[in-house]
1. Go through the range 6-21 and report how many residues are under 14 Å from residue 55 (Cα atoms) and either free of Cβ contacts under 8 Å to residues at least 12 places away in the same chain or small (Gly, Ala, Ser) (or both).
2. Within the range 29-63, which residues are hydrophobic (A, V, I, L, M, F, W, C), out of contact with any Pro (no Cβ under 8 Å at 6 or more places or on another chain) and in a helix (DSSP H, G or I)?
3. Which of (1) over 9 Å from the mean Cα position of the chain (by Cα); (2) at pLDDT 90 or above does residue 14 not meet, given it meets every other one?
4. Do you know which residues across the range 8-31 are of a type outside the set (Asp, Glu) and exposed (fewer than 12 other Cβ atoms within 10 Å of the Cβ)?
5. Picking from 34, 63, which residue would you name as being modelled with pLDDT under 85, surrounded by 11 or more Cβ atoms within 10 Å (Cβ to Cβ) and farther than 14 Å from residue 3 by Cβ?
6. Specify the residue that is modelled with the lowest pLDDT; the eligible residues are those in the range 17-31 that are of a type in the set (A, V, I, L, M, F, W, C) and within 11 Å of the chain's Cα centre (by Cα).
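The values are calculated or read from the model by the stated rules, or taken from the named source; none is laboratory data. This structure is a prediction, so every number in the text was calculated from the model and none was measured. Counting neighbours? That spans all protein chains shown, and the Cβs are built from the backbone with ideal geometry, glycine included.
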Amino acid sequence: MVKTEIGQLEKALNALVHRPWLIRRDYWASQIECLRGRPGLSAQDRQRLRVLLDLLGIPVAECSAPVQP
């Protein structure tokens, strides 16, 4: 289920990157942080979420959600 949610975020953010006037940065960052806080994320899923934060121009260190090892 998390993979599907991350895929939906990727699709939305990739579309929005081409239409920056539509981006609600705080909303998307909070959605990503929520997913990052879930236990049991794979390394691939954590990397996908980092890439999405990078697309928004948000360094991972700024996020409040802990990264699961």
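1. Count: 6.
2. At the first step, the residues of the range 29-63 found to be hydrophobic (A, V, I, L, M, F, W, C) are 29, 32, 34-35, 41, 43, 49, 51-53, 55-56, 58, 60-61, 63.
Right, trim to out of contact with any Pro (no Cβ under 8 Å at 6 or more places or on another chain) and you get 29, 32, 34-35, 41, 43, 49, 51-52, 55-56, 58, 60-61, 63.
Matches in the range 29-63: 29, 32, 34, 35, 43, 49, 51, 52, 55, 60, 61.
3. It fails just one condition, (2).
4. Filtering the range 8-31 down to residues of a type outside the set (Asp, Glu) leaves 8-9, 11-25, 27-31.
Within the range 8-31, 8, 11, 14, 15, 18, 19, 20, 21, 22, 24, 27 meet the criteria.
5. Going through 34, 63 in turn, the sole match is 63.
6. 28
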